[in-house]
Amino acid sequence: MTASRNIYQCIKAEITEVIDESPTIKSFVLRPEREFEFKTGQFVELTLDGFGEAPFTPSSSPLEKEEIQITVMRAGYVTEKIHQLKPGVIMGIRGPYGRGYPLDKFFDKEVLVLGGGCGFAPLRSLLYNLKAEEDKIKKLVFCYGSKTPAECIYKPYINELRQVKKFEVYRSVDRPDETWTEEVGVVTNLLDKIAINVDDSVAVVCGPPVMMKFGTLKLLEMGYPEDNIYLSMEKNMSCGLGKCGHCMMGKYFVCKDGPVFSYDEVKDQPDIWQ
Ligand SMILES: Cc1cc2nc3c(=O)[nH]c(=O)nc-3n(C[C@H](O)[C@H](O)[C@H](O)COP(=O)(O)OP(=O)(O)OC[C@H]3O[C@@H](n4cnc5c(N)ncnc54)[C@H](O)[C@@H]3O)c2cc1C
Ligand code: FES
């Protein structure tokens with residue numbers, strides 16, 4: 001008789017670097033004990049012994065298998081503890097779980113990526129992936145918004161993105177300071193300024209619920225078909241494996257059927273913006 005595999009088993013991963021991204025957001029570079037593979041948009045459960053676990057979408061390139069980056073916004077008990085960790089600490093990772101971004105649907109198209117706040121984390125992984133497949137897309141327009149300049153994350157990476165030939169990058173903040181030279185206002189305002197061929201484009205949205213809602217409504221107003229808008233949904237999760245039911249959204253287990261959904265798949269489900 002073969003012993004059944006423990007589906008909750010983690011692999012060990014050492015924190016090798018901690019990067020301060022904003023006053024409330026840090027990125028953790030982790031080196032797993034063995035190669036770790038995921039598809040962009042899938043998530044992992046990160047465990048801190050004695051404190052608990054929480055789901056996160058890796059923010060690093062899915063093409064990098066020896067290191068993984070997780071960007072964590074301080075939200076409550078577990079994330080507060082994670083923020084206190086230093087290089088050398090061993091964490092647990094299990095996963096990857098769920099359905100990521102359907103990259104094949106993005107090829108031969110113009111891709112519009114709309115991000116807000118810590119929603120840049122999964123989007124960065126997508127941008128790394130699309131940069132590596134640059135020849136397969138027509139162009140990419142990235143619109144990112146945060147409350148203040150201090151809360152804009154991945155500043156060095158933004159500079160890198162601006163060097164990519166097929167990528168255009170626009171940023172906006174709600175409350176500027178004297179150093180800010182880019183747009184001011186809610187991130188959806190950026191959509192009035194960009195040039196994109198909606199009929200030949202797919203859109204991706206990730207950010208806080210209110211931004212996801214108004215971002216999606218704006219995209220619909222621009223003429224995007226419901227099945228060409230991809231949303232990365234966040235619901236409270238526990239098992240990550242379709243067993244506990246914590247993440248139910250109508251007929252879907254967000255952990256298993258998502259977290260990436262097209263808008264037409266979820267639009268009639270209850271509480272999609274909560
Ligand atoms: C698929 C998925 C991917 C995610 N990716 C990231 C990521 O890359 N970076 C990141 O910083 N966060 C991400 N999150 C959110 C992150 O999991 C929560 O912030 C975290 O679980 C909060 O745990 P806590 O113990 O610190 O907070 P708690 O003490 O449990 O709660 C603090 C507050 O956060 C809210 N909250 C708790 N869990 C969630 C949740 N899953 N989603 C939204 N709000 C929640 C609670 O309602 C409460 O208001 C993701 C969530 C999901 C489901
Ligand atoms: S988190 Fe347990 S079923 Fe989805």
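Name the strands (runs of 3 or more DSSP E) wholly within the range 32-78 that hold at least 1 residues that are within 16 Å of ligand 2 (Cβ to nearest atom) and in contact (Cβ under 8 Å) with a residue 12 or more places away in the chain?
Numbers: elements: 43-48, 52-56, 68-73.
Fully inside the range 32-78 and qualifying: 43-48, 52-56.
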#### Entry: Candidates Thr148, Thr181, filtered to the one that is hydroxyl-bearing (Ser, Thr, Tyr) and open to solvent by 30 Å² or more (accessible area, probe 1.4 Å)
Thr181
#### Entry: Set Leu85, Leu127: member being part of a helix (DSSP H, G or I), modelled with pLDDT of 95 or more, out of contact with any Pro (no Cβ under 6 Å at 6 or more places or on another chain) and not hydroxyl-bearing (Ser, Thr, Tyr)
Leu127
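Mind listing just one residue for me: the one in the range 189-203 that is surrounded by 13 or more Cβ atoms within 10 Å (Cβ to Cβ) and farther than 11 Å from Tyr170 by Cα and, of those, nearest to the chain's Cα centre (by Cα)?
Narrowing the range 189-203 to residues surrounded by 13 or more Cβ atoms within 10 Å (Cβ to Cβ): 189-191, 194, 196, 198, 201-203.
After this cut, where a residue has to be farther than 11 Å from Tyr170 by Cα as well, the list is 196, 198, 201-203.
Details: Ile196: 22, Val198: 23, Ser201: 20, Val202: 17, Ala203: 14 Å.
Only one residue fits best here, namely Ala203.
Determine whether Arg31 is open to solvent by 10 Å² or more (accessible area, probe 1.4 Å), within 10 Å of ligand 1 (Cβ to nearest atom), touching an Asp or Glu at 6+ places or on another chain (Cβ under 7 Å) and more than 19 Å from Gly258 (Cβ to Cβ). Lay out the reasoning, then the answer.
Values: open to solvent by 10 Å² or more (accessible area, probe 1.4 Å): yes; within 10 Å of ligand 1 (Cβ to nearest atom): no; touching an Asp or Glu at 6+ places or on another chain (Cβ under 7 Å): yes; more than 19 Å from Gly258 (Cβ to Cβ): yes.
Against the criterion (open to solvent by 10 Å² or more (accessible area, probe 1.4 Å), within 10 Å of ligand 1 (Cβ to nearest atom), touching an Asp or Glu at 6+ places or on another chain (Cβ under 7 Å) and more than 19 Å from Gly258 (Cβ to Cβ)), Arg31 does not qualify.
Does any residue of the range 203-212 turn out to be within 14 Å of ligand 2 (Cβ to nearest atom) and closer than 27 Å to Gly95 by Cα? Reasoning before the result, please.
Filtering the range 203-212 down to residues within 14 Å of ligand 2 (Cβ to nearest atom) leaves none.
No, the conditions are met nowhere in the range 203-212.
Report, by residue number, each residue of the range 234-248 that is open to solvent by less than 10 Å² (accessible area, probe 1.4 Å) and under 20 Å from Gly119 (Cα atoms). Before the answer, list the steps.
If we filter the range 234-248 for residues that are open to solvent by less than 10 Å² (accessible area, probe 1.4 Å), which is where we start, we get 239-240, 247.
Gly240, Cys247, listed by residue number.
Answer yes or no: is there a residue in the range 165-177 that is among the polar types (S, T, N, Q) and either within 16 Å of ligand 2 (Cβ to nearest atom) or buried (at least 18 other Cβ atoms within 10 Å of the Cβ) (or both). It would help to see each step written out before you state the result.
Filtering the range 165-177 for residues among the polar types (S, T, N, Q) gives 172.
If we keep only those that are either within 16 Å of ligand 2 (Cβ to nearest atom) or buried (at least 18 other Cβ atoms within 10 Å of the Cβ) (or both) too, we end up with 172.
Yes, because at least one residue in the range 165-177 is among the polar types (S, T, N, Q) and either within 16 Å of ligand 2 (Cβ to nearest atom) or buried (at least 18 other Cβ atoms within 10 Å of the Cβ) (or both).
The values are calculated or read from the model by the stated rules, or taken from the named source; none is laboratory data. Keep in mind that this is a model prediction, so the values were computed, not measured. Neighbour counts run over all protein chains shown; Cβ positions are idealised from the backbone, glycine included. When the accessible area is computed, the model is the full protein with side chains, heavy atoms only, and any ligands, DNA or RNA have been set aside. Shrake-Rupley method; radii C 1.70, N 1.55, O 1.52, S 1.80 Å.
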